[in-house]
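The block underneath contains the structure these notes are about, expressed in structure tokens.
The values are calculated or read from the model by the stated rules, or taken from the named source; none is laboratory data. Since we're looking at a predicted model, the values are computed, not measured. Ideal geometry is used to build each Cβ from the backbone, glycine not excepted, and the neighbour counts take in all protein chains shown.
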């Protein structure tokens, strides 16, 4: 994700409004939240609110179109596939950090005598399909959270502060579906892990951008 400057040299993120993005994302999510407790057909038993994944990307595209026109939307979406700007060594944490965290958490559960979750069961042959679906879902979300909102927040605050702001909004955005499907304790724990995950995402983002881009301040 390296497109950050217009051809005129004007910083794109100066035109962007994270509060407007957050608000528009929530407004676009309302129709899905109204039916958050209704399950979709299929073995995954996903709720209707799962379609909220399109809202951050759609909100970002709407705002960028208003701010920069169609060319800005193309640049924004193109950042999803800007893999050549990522140093090879950074693919190690990108690909293996989350699996390592999950394995560690499962190890802690085993050592503490807690049973591992049995559902949902995913047949091995369907794993590539789920990887593709999760990539598409992540692309829709990260076009907004990372592609639109992260840089302007980092220009005003530190990287950690920006991550905590986005992570908090991200967790609140998910909270209604979580609380309808799970216990309050589970939802609270998931909210905390979501904020922590956003800190990791911003850390990876800042270390995989084109080297020539200015780095955000490390102080608040």
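When region 112-168 is filtered for residues that are in contact with a helix residue (DSSP H, G or I) (Cβ under 7 Å, 6 or more places away or on another chain), without any contact (Cβ under 8 Å) to a residue 24 or more places away in the chain and surrounded by 11 or more Cβ atoms within 10 Å (Cβ to Cβ), only 122 remains. Just so you know, in region 74-90 the residues that are surrounded by 15 or more Cβ atoms within 10 Å (Cβ to Cβ) and closer than 15 Å to residue 141 by Cα include one that is nearest to the chain's Cα centre (by Cα), and it is 80. The single condition from (1) without any contact (Cβ under 8 Å) to a residue 12 or more places away in the chain; (2) within 25 Å of residue 48 (Cβ to Cβ); (3) in a helix (DSSP H, G or I) that residue 180 fails is (1).
Tell me, yes or no, whether region 58-71 has at least one residue that is on the phi > 0 side of the Ramachandran plot, assigned to a loop (DSSP other than H, G, I, E, B), at pLDDT 85 or above and out of contact with any strand residue (DSSP E or B) (no Cβ under 9 Å at 6 or more places or on another chain). So far as region 58-71 goes, yes, one or more of its residues are on the phi > 0 side of the Ramachandran plot, assigned to a loop (DSSP other than H, G, I, E, B), at pLDDT 85 or above and out of contact with any strand residue (DSSP E or B) (no Cβ under 9 Å at 6 or more places or on another chain).
Being assigned to a helix (DSSP H, G or I) and modelled with pLDDT under 85, is that true of even one residue in region 14-25? Explain how you work it out, then say what you get.
Filtering region 14-25 for residues assigned to a helix (DSSP H, G or I) gives 14-15, 18-25.
Those still in the list that are modelled with pLDDT under 85 too: 14-15.
Within region 14-25 (the criterion being assigned to a helix (DSSP H, G or I) and modelled with pLDDT under 85), the answer is yes, since at least one residue qualifies.
The set of residues in region 176-195 that are touching a helix residue (DSSP H, G or I) at 6+ places or on another chain (Cβ under 8 Å) and surrounded by 15 or more Cβ atoms within 10 Å (Cβ to Cβ) comprises 176, 177, 178, 179, 187, 190, 191, 194, 195. Name the one entry in 89, 143, 131, 108 that is closer than 26 Å to residue 74 by Cα, modelled with pLDDT under 90 and in a helix (DSSP H, G or I). Only one candidate passes the filter, namely 131.
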